[in-house]
Amino acid sequence: MRMNPDYFSPKPVKVGDEVTLKIEEVAEKGDGIARKDRFVIFVKGAKKGDEVKVKIVEVKPRFAIGEIIQ
């Protein structure tokens, strides 16, 4: 099985980072979806069009999870 090279590439965020994001769309489960350097960040409770400040709480190989702090 070939691994996707993006799996190991450096991520644009790390746990503890605080970033301001524009929510571009909403996932099936209702989480807001934003991107930073094409890297997906899910934000619980955010709606499409929101601009939110989030703290990154988890980083996976293909996405991160952020919580609204402001």
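Annotations for the structure displayed:
- Candidate values (i) 19, 39, 28, 12, 2; (ii) 22, 62, 15; (iii) 22, 54, 20, 4, 0, label of the one derived for P(r) over Cα pairs in 10 Å bins from 0, in percent: (iii)
- Counted residue by residue at 0.36 nm each, then reduced by the alpha carbon distance between them, the extension gain from Arg62 to Val40 reaches 7.2 nm.
- For the chain, the longest piece that avoids every one of the trypsin sites (Lys or Arg not before Pro) found in DSSP loops with at most 12 other C-beta atoms within 10 Å covers 15-28.
- Per-residue Karplus couplings for the range 24-37, computed as 6.51 cos²θ - 1.76 cosθ + 1.60 with θ equal to phi - 60°, are listed in order as 8, 7, 10, 6, 3, 7, x, 6, x, 10, 10, 9, 10, 6 Hz, Gly and Pro entered as x.
- Cα-centre dipole for the chain with unit charges at Cβ (Lys and Arg positive, Asp and Glu negative), debye to 20: 180 debye
- Antiparallel content of DSSP bridges confined to the chain, in %, to 5: 80 percent
- Ranking Phe63, Gly16, Val26 by Cα position along the charge dipole of the chain, where only Lys, Arg, Asp and Glu carry charges on their C-beta atoms, puts Phe63 farthest toward the positive end.
- The range 48-58 - phi-based ³J(HN,Hα) in whole Hz, Karplus 6.51/-1.76/1.60, Gly and Pro as x: 3, x, 5, 10, 10, 9, 10, 10, 6, 10, 7
- Taking label points 7 Å from Cα along the Cα-to-Cβ direction, Ala27 and Glu51 give a separation of 2.4 nm.
- GluC sites (Glu not before Pro), loop per DSSP, at most 16 other Cβ atoms within 10 Å - longest free stretch of the chain: 29-70
- What the phi angles of the range 11-17 give under the Karplus curve with 6.51, -1.76 and 1.60, with θ = phi - 60°, is a coupling list of 8, x, 9, 9, 4, x, 4 Hz, glycine and proline written as x.
Throughout, read-outs are computed from the coordinates displayed, never taken from laboratory work. Bear in mind the structure is a predicted one, so any value in this text is a computation, not a measurement. As a convention, Cβ positions derive from the backbone with ideal geometry for all residues, glycine included, and neighbour counts pool all protein chains shown.
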